[in-house]
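J.: Below you'll find the structure I mean.
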Amino acid sequence: MRTELGCRLKVSPPAPVGFILTLVLTLTACQPDASDVVAETDQASDLAALTAAALAYQSAASAKDAVAVVGMYDQTAMMIPPNAEIVDEGLSGVETYQFGFIVTPGVELEFDLIRVEVADSGDIGWTFAIGQITINREGEPPGRDVVRDFHTWKKQPDGSWKIVVDMWNSGMPTG
């Protein structure tokens, strides 16, 4: 057989149907499933939204904005402060809790968000941050502490994230 360009083409007998079917199935199996692509996109979106929520919490805490801080908690929230009783009355317990960083004059906070994760289900996530606390007192050197802050978050029906468990500890020795 000759083409217009003068090239010779070798014509082979047709491939067996079984071979072609195997080849097609193999190539199809290597293609990403559309649901995997959607799941990865949703996971990335959830991770970005949770990161934004965690940064908003840190910003509100650093600004000593009690209303904004309390607004970041779910109706079922519980708090586990260091060396204190667990606050397990939901949002009403959070609303009446005396956040030391808010009520203590001269306290400055600076957080570093260390880790953010979202469950494959997309409805629960957690964040871990380390906060540098400076307590400025007139006529004294500033007090310092490091707080390790762990939050478990629940995705709300509107897509926002709220804290359901707030647990933190202090680098200060007890007693």
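J.: Give Ile114, Ile163, Ile130 a once-over and let me know the one that is within 20 Å of Val70 (Cα to Cα), free of Cβ contacts under 8 Å to residues at least 40 places away in the same chain and part of a strand (DSSP E or B). Step through it out loud before you land on a result.
T.: Details: Ile114 fails: within 20 Å of Val70 (Cα to Cα); Ile163 fails: free of Cβ contacts under 8 Å to residues at least 40 places away in the same chain.
That would be Ile130, the only listed residue that is within 20 Å of Val70 (Cα to Cα), free of Cβ contacts under 8 Å to residues at least 40 places away in the same chain and part of a strand (DSSP E or B).
J.: Can you tell me which residue within segment 154-175, out of those that are hydroxyl-bearing (Ser, Thr, Tyr) and surrounded by 10 or more Cβ atoms within 10 Å (Cβ to Cβ), is farthest from the chain's Cα centre (by Cα)?
T.: Taking segment 154-175 as the starting set, the residues that turn out to be hydroxyl-bearing (Ser, Thr, Tyr) are 160, 170, 174.
Retained after the next criterion (residues that are surrounded by 10 or more Cβ atoms within 10 Å (Cβ to Cβ)): 160, 170.
On the way: Ser160: 12, Ser170: 22 Å.
Here the residue is Ser170.
J.: Tally up the residues in segment 41-93 that are touching a residue at least 40 places away in the same chain (Cβ under 8 Å) and either small (Gly, Ala, Ser) or surrounded by 15 or more Cβ atoms within 10 Å (Cβ to Cβ) (or both), please.
T.: Adding up the residues that qualify gives 21.
J.: What is the one condition in (1) surrounded by 12 or more Cβ atoms within 10 Å (Cβ to Cβ); (2) under 21 Å from Thr51 (Cα atoms) that Ser121 does not satisfy?
T.: (1)
J.: If you check Asp158, Asp145, which single one turns out to be out of contact with any helix residue (DSSP H, G or I) (no Cβ under 8 Å at 6 or more places or on another chain), part of a strand (DSSP E or B), free of Cβ contacts under 8 Å to residues at least 60 places away in the same chain and of a type outside the set (A, V, I, L, M, F, W, C)?
T.: Working: Asp158 fails: part of a strand (DSSP E or B).
The unique qualifying residue is Asp145.
J.: Can I ask one more? So which residues in segment 76-111 are over 20 Å from Gln132 (Cα atoms) and in a loop (DSSP other than H, G, I, E, B), if there are any at all?
T.: Ala84, Glu85, Ile86, Asp88, Glu89, Gly90, Tyr97, listed by residue number.
J.: Something else: Tell me which of these Tyr97 doesn't satisfy, since it passes every other one: (1) under 19 Å from the mean Cα position of the chain (by Cα); (2) without any contact (Cβ under 8 Å) to a residue 24 or more places away in the chain; (3) crowded, with 16+ Cβ neighbours inside 10 Å.
T.: The one condition Tyr97 does not meet is (1).
J.: Given (1) touching a residue at least 12 places away in the same chain (Cβ under 8 Å); (2) within 30 Å of Ser45 (Cβ to Cβ), identify the lone condition not met by Ser170.
T.: If we test Ser170 against (1) touching a residue at least 12 places away in the same chain (Cβ under 8 Å); (2) within 30 Å of Ser45 (Cβ to Cβ), just (2) comes out false.
Values in this text are rule-based calculations from the coordinates and carry no lab data. Every value quoted in this text rests on a predicted model; they were computed, and no experiment measured them. Cβ atoms come from the backbone with ideal geometry, glycine included; neighbour counts cover every protein chain shown.
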